[in-house]
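Asks: Before we start, here is the structure in question, set down as structure tokens.
Read the figures in this text as sums done on the coordinates, not as results from a lab. As the structure is a computational prediction, the values presented were derived from the model and not from experiment. Reconstructed Cβ throughout: ideal geometry from the backbone, glycine too, with neighbour counts over all protein chains shown.
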2 protein chains.
Amino acid sequence: MTAFDDLMTFQRDTEALRLISWRLGWDQETMMPKGAAEQRGEEMAAIEGVLHARRLDPRVGDWLEQAEPQDEVQTSHLRHIRRDFDRASKVPADLAATIARITSTAQGKWAQARSDEDVAAFLPVLQEVVDLKRQEGAALAGNDAIYDAMLQDYEPGTTGAQLAAMFDALRPELSDLRAAIREAEAPAKLKGTFDETKQLVLSEVLALTFGYSLHNGRIDKAVHPFSSGSGHDVRITTRTNPQDPFNCFYSTIHEVGHACYEQSIDDAYLLTPLGRGVSMGVHESQSRIYENQLGRSRAFTGWLYGQMRDAFGDFGIPDEEVFYGTVNRVNEGFIRTEADEVQYNLHVLLRFDLERALMAGDLQVDDLESAWNDRFEADFGYPIDKPSNGILQDVHWSVGLFGYFPTYSLGNVYAGCLHAALRKAVPDLDTHLAQGDTKPATTWLRENLQQHGGLYEPRETIQRASGMEPSEAPLVAYLKDKFSGIYRL
Amino acid sequence: MTAFDDLMTFQRDTEALRLISWRLGWDQETMMPKGAAEQRGEEMAAIEGVLHARRLDPRVGDWLEQAEPQDEVQTSHLRHIRRDFDRASKVPADLAATIARITSTAQGKWAQARSDEDVAAFLPVLQEVVDLKRQEGAALAGNDAIYDAMLQDYEPGTTGAQLAAMFDALRPELSDLRAAIREAEAPAKLKGTFDETKQLVLSEVLALTFGYSLHNGRIDKAVHPFSSGSGHDVRITTRTNPQDPFNCFYSTIHEVGHACYEQSIDDAYLLTPLGRGVSMGVHESQSRIYENQLGRSRAFTGWLYGQMRDAFGDFGIPDEEVFYGTVNRVNEGFIRTEADEVQYNLHVLLRFDLERALMAGDLQVDDLESAWNDRFEADFGYPIDKPSNGILQDVHWSVGLFGYFPTYSLGNVYAGCLHAALRKAVPDLDTHLAQGDTKPATTWLRENLQQHGGLYEPRETIQRASGMEPSEAPLVAYLKDKFSGIYRL
């Protein structure tokens with residue numbers, strides 16, 4: 001046994017334990033009895049403790065020093081393991097424990113403040129979280145910017161400056177497009193109610209249509225849709241709302257994008273650091289291209305229209321063309337998670353700029369609400385009406401997730417690049433999509449991206465698949481073209 | 001922090017990790033996608049590895065040496081932890097690993113042999129398992145008998161001789177009763193089919209009737225009914241068969257007995273060694289008294305008859321009295337798990353005597369089949385027709401579970417003692433049971449037994465609750481009285 005072999009044997013159990021911890025998370029949202037919440041907290045803490053100790057195990061440091069990679073795959077394994085080990089080693093144990101304790105409290109205070117519309121009740125604990133995370137960031141950053149260090153947890157290899165360059169180019173394009181759309185005539189809105197059992201049946205059809213394997217997964221209902229797991233056990237959840245079947249269908253397709261990425265990774269990487277999606281941004285590129293560029297395309301919505309007519313009868317939309325507009329209707333609103341393709345990234349870019357300034361010390365917690373409200377009105381054209389629609393909207397900051405938000409938009413940017421390349425590679429894609437056949441697209445994505453798992457760094461993963469340097473340009477071109485058509489701009 | 005406190009802090013995480021491992025087992029039988037089996041094997045091995053390392057952690061040995069218990073509860077905690085630590089320390093690591101590997105293979109060979117009715121294909125691997133388990137038993141036993149050492153895994157404090165004395169007194173009574181019943185006129189058989197969805201609805205009613213909390217549990221379908229978990233998250237499974245609703249109802253009540261024991265343990269013992277049922281035998285006493293002495297009583301079946309009439313209409317049984325006979329009908333058969341109250345223990349006693357002789361070296365694996373077949377015919381009055389109805393019937397021996405079988409009958413014996421005491425304590429119990437009210441019984445069991453968890457040793461647990469030295473006599477008296485009535489002996 002070489003040091004590399006020893007390291008990989010140790011890592012295999014770590015990966016298995018990580019999967020167990022994720023499955024507990026799944027269970028908590030889908031199956032757990034209500035009265036088990038407190039006990040579950042202790043169970044989660046116990047397995048997190050085991051994982052934490054393994055990350056810091058001094059043998060890992062020794063093995064990393066001695067291991068001599070023989071090929072590209074082994075080099076990549078070592079890069080992942082070294083990154084985790086270095087990160088765990090840099091943060092003092094008492095700081096990590098304090099962050100875990102305070103963010104757990106902060107999440108409860110955030111939820112209460114949101115329900116009370118009481119920003120002042122939330123800001124003191126947010127200040128604590130920000131201070132602690134900045135300490136953690138400083139421990140991680142060395143000479144680099146704190147925010148850049150944080151980004152590595154979600155999107156290794158990227159920097160705040162790199163993202164800002166992309167997003168600063170994206171923002172005016174989106175804002176202009178949004179303004180033009182606001183002046184134009186809107187497509188028909190969906191009306192009526194849609195049987196929830198039938199929604200779930202069609203949602204499973206959609207999952208299978210996009211290549212999700214129920215042999216290696218399952219679909220359940222949960223309050224928030226999510227995908228969970230890796231390898232041969234990747235589960236998704238969805239939800240239903242009688243007034244809004246699109247929420248069910250497109251949540252499902254979105255999670256199927258995440259899940260198919262995990263299910264498609266080369267079996268040789270199972271229970272290794274390469275056996276999961278390489279970053280949040282690349283993951284989001286898969287969920288978004290499934291959901292939007294494929295699932296909300298004119299061709300696919302034509303097929304979906306037929307499926308919905310079969311399931312629900314006449315639901316008041318006269319034909320495929322109108323239906324395409326209905327699916328892609330741009331509505332006024334405040335909530336990120338409910339936003340359409342045009343406005344979604346504006347929500348994210350706002351958060352990115354604010355949290356980056358917070359971490360740099362250029363924005364104070366006390367000024368956060370007015371900064372949020374000013375920026376929102378500038379980008380969207382109307383003011384925030386209440387804190388739950390503004391600064392108290394998302395859980396992320398309360399639990400210390402700084403650096404997470406931008407991966408949503410990065411995923412959209414990546415999806416734009418991949419979509420441009422896919423259209424070139426499969427010129428007759430729409431003919432297939434119009435028949436509910438996503439295979440040419442999902443096969444292309446599997447072969448060019450998904451199968452590689454964590455083999456390449458995130459940006460390189462996108463470069464190799466799309467054949468281009470990642471940029472916002474393809475996404476902008478796609479959105480302009482699509483919404484100019486729908487809104488006759 | 002004293003050594004005792006340190007030990008308990010460490011143990012708390014161990015208990016939490018053990019619960020996680022159990023929950024994975026539950027998931028595997030209820031929710032896991034089919035294609036995830038192999039990956040799950042690695043996940044289970046990883047968490048078992050963590051648990052094994054914790055059991056052997058040298059700090060535990062140090063803490064055990066230094067800890068000074070301040071009261072009865074602390075003394076009991078230390079007894080449990082010391083027993084686990086000593087057991088883990090005594091078995092050489094390579095032997096433990098070999099047993100894990102061979103029993104995993106053996107289970108597959110057993111399943112194949114059973115399906116092929118091919119005893120010869122199973123005996124070689126059974127011989128390996130027996131040899132290995134005897135080695136393990138010798139490592140554990142010191143100067144004691146190997147089989148006695150094995151019993152400690154399931155029923156701490158008991159000995160083979162103690163059990164044999166009980167069972168040798170029980171066996172002729174059961175065999176005579178069975179023979180007399182065979183000559184008498186049998187009650188009506190249940191006929192027809194019963195809607196499976198309605199079975200599940202009534203099965204949930206039964207679970208709630210017996211005090212199972214869905215706030216701290218849930219009911220799912222699985223191939224084999226089981227109860228899983230401790231504390232605030234105790235889940236059960238059941239199954240349905242259109243021809244046999246009693247299977248569903250009484251499986252549910254049985255598992256509810258196990259589950260209510262776990263749910264009723266004092267909250268102060270949560271995530272400690274006292275926070276789970278104290279032994280297999282005591283656990284089985286709870287499942288059996290719920291299922292049989294309460295659930296199959298004349299009074300309760302009278303209420304159940306009404307429930308079944310409400311759910312299924314007229315199902316061909318004219319009145320409560322006939323229904324009571326139908327529920328308790330003694331059928332000829334070969335299968336332990338399908339046996340009635342009279343014959344069940346005969347199945348178990350056969351296995352107990354054979355496995356005890358095997359472990360003592362008084363019976364050879366090559367002679368096992370003829371020993372089984374001879375004994376079966378002597379006890380039941382008809383010969384074994386095929387190996388799957390005889391020696392290949394149960395999985396236990398293939399996976400090395402020697403010493404497990406007798407806890408089933410010990411549970412019945414204990415249930416007999418508890419039932420006698422319960423009837424004295426609650427003279428009007430039948431009035432309640434006849435109205436579907438089990439509360440006087442389940443409250444008595446909770447207060448006198450279940451709440452204590454692992455505080456007392458198993459035998460003492462039964463002594464304290466029943467106020468008597470455990471013996472087979474109350475069970476024999478109960479069975480004679482009950483079946484003399486039903487069969488007019």
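Asks: Compute the long axis of helix B:473-487 from its Cα atoms, compare it with the longest principal axis of the Cα atoms of chain B, and write down the angle in degrees, 0 to 90, nearest 10.
Replies: Long axis of B:473-487 versus the principal axis of chain B: about 30 degrees.
Asks: Shifting gears a bit: Given points 7 Å out from each Cα along the Cα-Cβ axis, report the A:Asn389 to B:Arg464 separation in nanometres with one decimal.
Replies: 6.1
Asks: Given label points at 7 Å from Cα along Cα→Cβ, what nm distances, shortest first, separate B:Ile335 from the same residue in every other copy?
Replies: B:Ile335 label point versus its equivalents elsewhere: 5.1 nm.
Asks: Residues in region B:308-350, backbone N under 17 Å from the label point at B:Asp176 (7 Å along the Cα-to-beta-carbon vector): list them, ranges by number please.
Replies: Under cut-off, by backbone N: B:342-343, B:346.
Asks: Roughly what angle does helix A:245-264 make with the longest principal axis of chain A, taking Cα atoms, 0 to 90 degrees, to the nearest 10?
Replies: 40
Asks: Something else: How tilted is helix B:93-116 with respect to the longest principal axis of chain B? Cα atoms for both, answer in degrees (0 to 90, nearest 10).
Replies: 30
Asks: Give me the percent relative contact order of region A:157-489, please, defined on Cα pairs under 8 angstrom at least 6 residues apart.
Replies: Once divided by the residue count of region A:157-489, the mean separation gives 25 percent.
Asks: List the GluC sites (Glu not before Pro) within region A:93-144 that fall in a DSSP loop (any state other than H, G, I, E or B) and whose Cβ has at most 16 other Cβ atoms within 10 Å.
Replies: Counting only loop positions with at most 16 other Cβ atoms within 10 Å, the GluC sites (Glu not before Pro) in region A:93-144 are A:Glu117.
Asks: Then there's this: What average count of beta carbons from other chains do you get within 10 Å of the Cβ of residues in B:14-24?
Replies: Partner-chain Cβ atoms within 10 Å, mean over residues of B:14-24: 5.
Asks: Kirkwood hydrodynamic radius, computed over distinct alpha-carbon pairs, for region B:157-489: how many Å, to one decimal?
Replies: Computed over region B:157-489, the radius equals 20.5 Å.
Asks: Okay, next question. Modelling each spin label as a point 7 Å along the Cα-to-Cβ direction, I'd like the B:Thr159/A:Ser104 distance in nm, to one decimal.
Replies: Taking the simple label geometry, B:Thr159 and A:Ser104 are separated by 4.8 nm.
Asks: How would you rank A:Lys90, A:Lys386, going from fewest to most other Cβ atoms within 10 Å of each one's own Cβ?
Replies: Ascending Cβ contact count within 10 Å gives the list A:Lys386, A:Lys90.
Asks: In nm, one decimal, shortest first: how far is the label point of B:Glu65 (7 Å from Cα along Cα to beta carbon) from the matching points in the other copies?
Replies: B:Glu65 label point versus its equivalents elsewhere: 3.1 nm.
Asks: OK, next. Starting from the Kirkwood Rh over alpha-carbon pairs, what translational D in µm² s⁻¹ does region A:21-178 have by Stokes-Einstein at 20 °C and 1.002 mPa s?
Replies: 112
Asks: Please report, for A:Ser471, the nm distances (one decimal) from its label point, 7 Å out from Cα along the beta-carbon direction, to the equivalent points in the remaining copies, shortest first.
Replies: 9.4
Asks: With an 8 Å cut-off on Cα pairs and a minimum separation of 6 or more residues, tell me the relative contact order of region B:9-146 in percent.
Replies: 18
Asks: Could you work out how far the C-alpha centroid of region A:147-181 sits from that of region B:11-31, in angstrom?
Replies: The distance from the Cα centre of region A:147-181 to that of region B:11-31 comes to 42 Å.
Asks: Computed over the Cα atoms, what is the radius of gyration of region A:131-197 divided by 2.2 N^0.38 Å, N being its residue count?
Replies: That ratio works out to 1.91.
Asks: Okay, next question. Defining a contact as two alpha carbons under 8 Å apart and six or more residues distant in sequence, what relative contact order in percent does region A:284-402 show?
Replies: Relative contact order here is 16 percent.
Asks: Taking beta carbons within 10 Å but only from partner chains, what does the mean come to for residues A:232-239?
Replies: 3
Asks: In whole Å, what are the Cα extents of the protein assembly as shown along the three principal axes, biggest one first?
Replies: Projected onto its principal axes, the Cα set of the protein assembly as shown covers 94, 66, 57 Å.
Asks: Right, something else. What is the ratio of the Cα radius of gyration of region A:94-244 to 2.2 N^0.38 Å, with N the residue count, to two decimals?
Replies: For region A:94-244, the normalised Cα radius of gyration comes out at 1.47.
Asks: Nearest 5 is fine: what % of DSSP beta bridges in the protein assembly as shown come out antiparallel, could you say?
Replies: Of all bridge pairs located within the protein assembly as shown, approximately 40 percent are antiparallel.
Asks: In what sequence do A:Lys480, A:Lys424 fall when counting other Cβ within 10 Å, fewest first?
Replies: A:Lys424, A:Lys480
Asks: Rg/Rh for region B:431-485: what does it come to with C-alpha atoms and Rh from Kirkwood?
Replies: 1.06
Asks: Give the distance, in whole Å, between the Cα centre of region A:202-251 and the Cα centre of region B:320-397.
Replies: What the calculation gives is 47 Å, centre to centre.
Asks: Strictly over 30 Å apart at the Cα level, which of B:Lys133/B:Lys221; B:Lys221/B:Lys480; A:Lys221/B:Lys34 would you flag in this model?
Replies: Beyond 30 Å: B:Lys133/B:Lys221; B:Lys221/B:Lys480.
Asks: What residues from region B:91-107 fall in the zone where the backbone N is under 18 Å from a label point 7 Å along the Cα-to-C-beta line of B:Met44?
Replies: B:96-107
Asks: Now, a different point. Calculate for the protein assembly as shown the 222 nm mean residue ellipticity that helices alone would give, adding -39,500 (n - 2.57) per DSSP H run of length 4 or more and normalising by residue count, nearest 500 deg cm²/dmol.
Replies: Here the helix-only value at 222 nm equals -20500 deg cm²/dmol.
Asks: Compute the length gained on full extension between B:Arg309 and B:Ala169: take 0.36 nm times their separation in residues and subtract their Cα-Cα distance, giving the result in nm to one decimal.
Replies: Working it through step by step, the gained length comes to 46.3 nm.
Asks: Which part of region A:450-486 falls in the paramagnetic zone of A:Leu64, meaning amide N under 19 Å from the point 7 Å along Cα-to-beta-carbon?
Replies: The answer is A:454-458, whose backbone nitrogens lie closer than 19 Å to the label point.
Asks: Cut-off is 10 Å between beta-carbons; in what order do B:Ile181, A:Ile146 appear when sorted fewest neighbours first?
Replies: By the 10 Å Cβ count, ascending, the order reads B:Ile181, A:Ile146.
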